[in-house]
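The numbers here are math on the coordinates, done by the rules we state, and not lab data. It should be emphasised that the depicted structure is a prediction, and the values quoted were computed from it without experimental measurement. Note that we place each Cβ from the backbone using ideal geometry, even for glycine, and neighbour counts take in every protein chain shown.
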């Protein structure tokens, strides 16, 4: 029993020391890389393996061709907007013209010609990527360019006021929504 207490005291002392350390000064905003795989690895490492973060990679028709990743937070976005105004145009309109286009023009081409969303903004740092993904927007990382697109897809889960739910469903529904609100 004494041995367990001494082990617990040492562990608590180490934990206290970790939490009392001052936070490091904020670093400069790290720019995105032109390598999509490196960008995705960094984003996964920082955001973690959360089941709420959805990452989908889309490749061009040619083997070894270009690719892009679409990243969003499940529960904070309107999935129908993503399906109809981002993914569907990408999977139909984009693939034919993508291979011959210069890499520098990719972001502006997607923003101006392919995506049918009302809010599309070019971003260049990881801080901006995290902010937009965790705010309910969809971020598109494009291979071969250090620019990503933040697309306005915010949509909150709502429920009809008159709809009655059993108490256990209300608890889980409220817990899920409150967790999403805390992380925003």
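Looking at region 36-151 alone, DSSP beta bridges between its own residues are antiparallel in about 100 percent of cases.
Protection proxy ranking for 141-150, 113-122, using the average of other Cβ atoms within 10 Å per residue and placing the highest first: 141-150, 113-122. Taking 13 Å as the cut-off, the amide N atoms of region 131-149 that come nearer than this to a point 7 Å along the Cα-to-beta-carbon line of residue 104 belong to 145-146. Peptides 74-86, 34-46 ordered by packing proxy, namely the average of other Cβ atoms within 10 Å per residue, highest first: 74-86, 34-46. Once the chain from residue 122 to residue 88 is taken as fully extended at 0.36 nm per residue, the excess over their C-alpha distance is 10.2 nm. For region 36-151, the orientation-averaged shadow of the C-alpha convex hull comes to 6.6 nm² (one quarter of the hull surface).
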